[in-house]
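> Attaching a single structure in structure tokens format; questions to follow.
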Amino acid sequence: MRAIFEYTKGMRDQETHYCPGCTHGIAHRLIMEVLEEKGKLGEAIGISPVGCSILAHQYMDVDMVEAAHGRAPAVATGIKRVHPDAYVFTYQGDGDLASIGMAEIVHAALRGEKFCTFFINNAIYGMTGGQMAPTTLEGQKTTTTVMGRDPAVSGNPAVMCEMLSQLKGAVYVERVALNSPANIRKAKKAVSRAFEVQEKKLGFAFVEFLSICPINWGLAPSDAMKWLAENMMEVFPVKQFKNPLEVK
Amino acid sequence: MEERRLMKGNEAFGLAAILGGARYYFGYPITPQNEVTEFMSRELPNYGGFFLQAESELAAINMAYGASAAGGRVFISSSSPGLALMQEGLSGLASIEAPVVVLNVMRGGPGIGNIQPGQADYYQVTRGGGNGDYHLIVFAPASIQEAMDMIVEGFEIADRYTNPVLIAADGMLGQMMEPVTLPSMDKEYSLEKILKTKPWALTGHKNKRERNVIKSVYLKQELLEEHVLKIFEKYDKAVKELPSFEEVDLKDAEIVYVAFGTTSRMVKEAMELLKEKGVKTGLIRPKTLWPFPREAFDGIDKSTKMVVSCELSMGQMIDDVKLSLKGRLPVSLINRTGGMLLTPGEIVERTLKLL
Ligand SMILES: Cc1ncc(C[n+]2csc(CCOP(=O)(O)OP(=O)(O)O)c2C)c(N)n1
Ligand code: SF4
């Protein structure tokens, strides 16, 4: 008998603290699967953010460090200077990356830092209980926009792939969605390309994952998946923005 | 062979860091320490090191955090308002127990203040400007030579205590020139060698060891308390091992000054002038601001009637002076602030008024 699916080596045998239906777990597994398939778990150094995934190091079986809120790209920059051949990645939520850490991510991209950033866009602040995120949609209700986000008061959603793809140093930029098996397979391919970009030292690689937060959206996981497809994908189109010739 | 050179303070500080083994520097321009950043950009690559101009002090300290967690020997520098932005990272570094040497070339404050020398960062550097329970180990040099020696020693101490070490210099030391003897360069600081002494560093586990996790989040309160207590065991040791000071003429002194950094040099000149007038004075010069050298005050003679804290601030170190004296003697303040300097003449004049 041949096993057709095995527990991902890079994931530790441990229950996660994520809410039922949360897509953080899927994103974790994709990253670890790619590193496992490349045989690079032993070369990887991850940076976990402030947000629900702060304890990602409990689940990912690689060297990891926690960064202060939003500073993961700066921390990764320091690590990559010391270990230029390591497979360094940051894993960040939308509050962490697109709000408090906006300067750090933009400057990492400007410098063409040779690490990967995996960006979990769930359009809300998960850990602190459902406040508005920079990626919250117009009209979306959160605990700090109870009438729905009003652009006249609190601006428009941050479109990170569109912004970062303008920068020369960001050589690989792709937005994927974690809402269906087909999209998850595509997401894995994007993770794999991002690490290949790093392996070949081509520049900064950025993958945005459209994700769900059923608890703070107040939706059952299956409805949350639908909401993602019907609402988020319009504002955050799923596509590859940039891919260097050297990477297939 | 000892090498003597005439050097500008800021450049000498940078050179000392390199000779002390620093191979990673992250900086953001701010006066009066720009020459440190410029020097490192020119010189560090010549020693196989990495220089990076960060987008902010916030980024610089977090780059230092990453490089230190990865096992690198890291030096950073800034001046007062920049140091304020670094507090998040300093608290983080103390919590993850990672070494780094930080140079603060202090200037006038509060706010943007000005670019003249100041000592009003005393609270910021000794009281833990960041959140939570932690200390920085703080040295206060009074000459360029002493600053160089403290920077070199600072790396050893940062490694030994796995804690940030801060060198509190001021704009005057940074900008002036003095002859110095260069610290020796006979030690080897290859990354492989350094990593052998840091089994906790992030390197990738290479499938040879358990993964290393460097963290400062302890969601269970029992575990955070345990973590803090463990860090404070190191601080207890530091309080026993590190306090350092210079004492001058304490015997028979009527007045004892307490002053650190460049201010102590003005005080020494004032003491000479007062000697001519028949007033006997002494000086305690803390070389470490944290741990503060409380035992220095046991050396105060029975002849002493008053202790005077001389500072370029509204009186911050004076708190530690009072804590050290435990009410044994009256304590006065002779100070200037906002970037103004205390001249020996002014110290003499104000001392005579106190008598
Ligand atoms: C300096 C600082 N400010 C604020 C917080 C509080 N905080 C913790 S998590 C978080 C938001 C995280 O949201 P996001 O990045 O979207 O990640 P998610 O929890 O949704 O995965 C905030 C504001 C903090 N820990 N530190
Ligand atoms: S709060 Fe949202 S993002 Fe956080 S674990 Fe729960 S579902 Fe996931």
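> In the full protein assembly as shown, how much of B:F75 is accessible to a 1.4 Å probe, in Å² to the nearest 10?
Looks like 0 Å² after rounding.
> Within straight cross-link reach of A:K141, meaning Cα distance under 17 Å, which lysines are found once same-chain residues fewer than 8 apart are removed?
Within the straight-line limit of under 17 Å, A:K141 reaches these lysines: A:K226.
> Rounded to the nearest 5, what is the percent of antiparallel bridges among the DSSP beta bridges in the stretch B:4-195? Don't jump to the answer; show the numbers that get you there.
Details: 6 of 27 bridges.
Of all bridge pairs located within the stretch B:4-195, approximately 20 percent are antiparallel.
> Kindly compute the accessible surface that chains B and A hide from a 1.4 Å probe when together, both sides summed, and give it to the nearest 100 Å². Could the numbers behind the result be given before it?
Working: alone 15770 and 11210 Å², together 24250 Å².
That pair of chains buries around 2700 Å² in total.
> Count, for each residue of B:49-59, the Cβ atoms from other chains sitting within 10 Å of its Cβ, then give me the mean as a whole number. Kindly include the intermediate steps, with their values, before the conclusion.
On the way: counts 1, 5, 1, 5, 1, 7, 9, 4, 0, 8, 11.
So the per-residue partner count for this stretch is 5.
> Can you compute the helix-only [θ] at 222 nm over chain B? Use -39500 (n - 2.57) per DSSP H run of at least 4 residues, normalise by all residues, nearest 500 deg cm²/dmol.
Numbers: 13 runs with 140 residues, N = 355.
Mean residue ellipticity, 222 nm, calculated: -12000 deg cm²/dmol.
> Now a separate question. Using alpha carbons only, how many angstrom separate the centre of the stretch A:68-129 from the centre of the stretch B:12-73?
21
> For the stretch B:56-179, compute the orientation-averaged projected area of the C-alpha convex hull (one quarter of its surface), in nm².
Details: hull surface 27.9 nm².
Averaged projected area of the stretch B:56-179's Cα convex hull equals 7.0 nm².
> Round to the nearest 10 and report in Å² the accessible area of B:M176, as given by a 1.4 Å probe over the protein chains' heavy atoms.
For B:M176, solvent-accessible area is about 40 Å².
> Continuing with this model, one more query. Using only the Cα atoms of the stretch A:136-194, build the gyration tensor, take square roots of its eigenvalues as a ≥ b ≥ c, and label the shape rounded, prolate or oblate: rounded if a/c is under 1.5, else prolate if a/b is larger than b/c, else oblate. List each step's numbers first, then the result.
On the way: a/c = 4.63, a/b = 1.61, b/c = 2.88.
Oblate shape, in that a/c is at least 1.5 and b/c is the bigger or equal ratio.
> Give me the percent of DSSP beta bridges within the stretch A:24-242 that run antiparallel, rounded to the nearest 5.
Numbers: 4 of 30 bridges.
The antiparallel fraction comes to roughly 15 percent.
> Same structure, new question: Students sometimes get this wrong: rank A:F195, A:F5 by accessible area, probe 1.4 Å, all chains present, largest first.
Values: A:F195 0, A:F5 145 Å².
From most exposed to least exposed: A:F5, A:F195.
> With viscosity set to 1.002 mPa s at 20 °C, what whole-number translational diffusion coefficient in µm²/s follows for the stretch B:245-354 from Stokes-Einstein and a Kirkwood radius over Cα pairs?
158
> Run the numbers on the stretch B:65-98: which residues show a drop of 10 Å² or more in accessible area, chain on its own versus all protein chains together, using a 1.4 Å probe over heavy atoms?
B:Y65, B:G66, B:A67, B:A70, B:E88
> How large is the dipole of the stretch B:245-354 about the Cα centre if only Lys and Arg carry +1 and Asp and Glu carry -1, each at its Cβ, rounded to the nearest 20 debye?
Numbers: 17 positive and 16 negative charges, 41 e Å.
Here the size comes out at about 200 debye.
> Roll a 1.4 angstrom probe over the protein heavy atoms and tell me the percent of accessible area of the protein assembly as shown that is carbon or sulfur. The partial results should precede the final answer.
Values: 13200 of 24250 Å².
Carbon and sulfur: 54 percent of the exposed surface of the protein assembly as shown.
> Can you tell me the Rg and Dmax of the protein assembly as shown, counting just the alpha carbons, in angstroms?
Reported Rg and Dmax, both Å: 27.2, 101.
> Let me know the shape class of the stretch A:7-134, please: from the alpha-carbon gyration tensor, a ≥ b ≥ c as square roots of the eigenvalues, rounded when a/c is under 1.5, otherwise prolate if a/b is greater than b/c, or oblate.
Details: a/c = 2.04, a/b = 1.04, b/c = 1.96.
Here the stretch A:7-134 falls in the oblate category.
> What fraction of the DSSP beta bridges in chain B is antiparallel, stated in percent and rounded to the nearest 5? Working shown, then result.
On the way: 12 of 46 bridges.
Taking every DSSP beta bridge with both residues in chain B, the antiparallel ones total about 25 percent.
> Shifting gears a bit: Considering only protein heavy atoms, what is the solvent-accessible area of A:V238 at a probe of 1.4 Å, reported in Å² to the nearest 10?
The accessible area comes out at roughly 60 Å².
> Report the semi-axes of the equivalent ellipsoid for the stretch B:201-272 in whole Å, largest first, where each axis is √(5λ) for an eigenvalue λ of the Cα gyration tensor.
47, 17, 11
> Here's a follow-up. For the stretch B:265-277, just list the computed ³J(HN,Hα) in residue order, Karplus coefficients 6.51, -1.76 and 1.60, θ = phi - 60°, integers in Hz, with x standing in for Gly and Pro.
Taking θ as phi minus 60°, the curve returns 6, 5, 4, 4, 5, 4, 4, 5, 5, 6, 4, 4, 8 Hz for the stretch B:265-277.
> Here is a follow-up. Relative to the Cα centre, what is the charge dipole magnitude of the protein assembly as shown, using +1 at the beta carbon of each Lys and Arg, -1 at the beta carbon of each Asp and Glu, and rounding to the nearest 20 debye? List each step's numbers first, then the result.
Numbers: 66 positive and 71 negative charges, 193 e Å.
I would put it at about 920 debye.
> Rounded if a/c is under 1.5, else prolate if a/b beats b/c, else oblate: with a ≥ b ≥ c from the C-alpha gyration tensor eigenvalues square-rooted, which is the stretch A:194-248?
Working: a/c = 4.15, a/b = 2.61, b/c = 1.59.
Here the stretch A:194-248 falls in the prolate category.
> Count the lysine pairs in the stretch B:245-354 whose Cα atoms lie under 18 Å apart, taking only pairs 8 or more positions apart in sequence or on different chains.
For the stretch B:245-354, the number of qualifying lysine pairs is 22.
> What is the helix-to-structure angle for B:87-96, meaning the angle in degrees between its Cα long axis and the longest Cα principal axis of chain B, kept from 0 to 90 and rounded to the nearest 10?
Roughly 60 degrees between the two axes.
> Charges at C-beta only: +1 for Lys and Arg, -1 for Asp and Glu. How large is the resulting dipole of the stretch A:24-242 about its Cα centre, in Debye rounded to 20?
Details: 22 positive and 22 negative charges, 108 e Å.
It works out to roughly 520 debye.
> Separate question: Beyond 19 Å, how much of the Cα-Cα pair distribution for the stretch B:1-127 remains, as a whole percent?
Values: 3730 of 8001 pairs.
Tail of the P(r) past 19 Å holds 47 percent of the pairs.
> Label-point separation (nm) for A:S222 and B:L341, each offset 7 Å from Cα along Cα-to-Cβ?
7.8
> Order the following by accessible area, largest value first: B:Y47, B:Y189. Probe radius 1.4 Å; ligands, DNA and RNA are ignored. Before the final figure, lay out the partial values.
Values: B:Y47 75, B:Y189 45 Å².
Largest to smallest exposure gives the sequence B:Y47, B:Y189.
> So, one more: Give me the distance in nm between label points sitting 7 Å out from Cα along the Cα-to-Cβ direction at B:S303 and B:E192, one decimal.
6.1
> What residue among A:T145, A:T128, A:T23 shows peak mean-square fluctuation when chain A is described by a Gaussian network model with Cα springs under 10 Å?
Sorting by GNM fluctuation, first place goes to A:T128.
> Please state the relative contact order of chain B as a whole percent: Cα pairs under 8 Å, 6+ residues apart? Walk me through the intermediate numbers first.
Working: 743 pairs, mean separation 63.1, N = 355.
Result for chain B is 18 percent.
> If each of B:K206 and B:K240 carries a label point 7 Å out from its Cα toward its Cβ, how far apart are those two points in nm?
About 3.6 nm, to one decimal.
> Follow-up. Report Rg(Cα)/(2.2 N^0.38 Å) for chain B, keeping two decimals. Working shown, then result.
On the way: Rg = 20.7 Å, N = 355, 2.2 N^0.38 = 20.5 Å.
Taking the Cα Rg and dividing by 2.2 N^0.38 Å, one obtains 1.01.
> A follow-up question, please. Can you figure out the FRET efficiency of B:M314 with A:V235, using R₀ = 45 Å and their beta-carbon distance, to the nearest 0.05? Can you show the working numbers first?
Working: r = 53 Å, r/R0 = 1.17.
With R0 = 45 Å, the Cβ-Cβ based efficiency is 0.30.
> Relative to a virtual label point 7 Å from the Cα of B:V217 in the Cα→beta-carbon direction, which members of the stretch B:73-110 show backbone nitrogen distances below 14 Å?
none
> Over the protein assembly as shown, with the other protein chains present, what is the accessible area per residue in square angstrom, probe 1.4 angstrom? If you can, show how the numbers build up before the last one.
Working: 24250 Å² over 603 residues.
Per residue, the protein assembly as shown has 40 Å² of solvent-accessible surface.
> If you don't mind, there's one more thing I want to ask. Counting pairwise Cα distances across chain A, what percent come out greater than 35 angstrom?
Working: 2595 of 30628 pairs.
When all Cα pairs of chain A are counted, 8 percent exceed 35 Å.
> Considering only B:E178, B:E233, B:E222, give the residue with the highest GNM mean-square fluctuation for chain B, with springs between Cα atoms whenever their separation is below 10 Å.
In the Gaussian network model the winner is B:E222.
> Any idea what angle helix B:34-43 forms with the longest principal axis of chain B, computed on alpha-carbon atoms, 0 to 90 degrees, nearest 10?
Tilt of helix B:34-43: around 40 degrees.
The values are calculated or read from the model by the stated rules, or taken from the named source; none is laboratory data. This structure is a prediction, so every number in the text was calculated from the model and none was measured. Positions of Cβ are backbone-derived with ideal geometry, glycine not excepted, and every protein chain shown enters the neighbour counts. Protein only, heavy atoms only, side chains kept; ligands, DNA and RNA dropped before computing areas. Shrake-Rupley method; radii C 1.70, N 1.55, O 1.52, S 1.80 Å.
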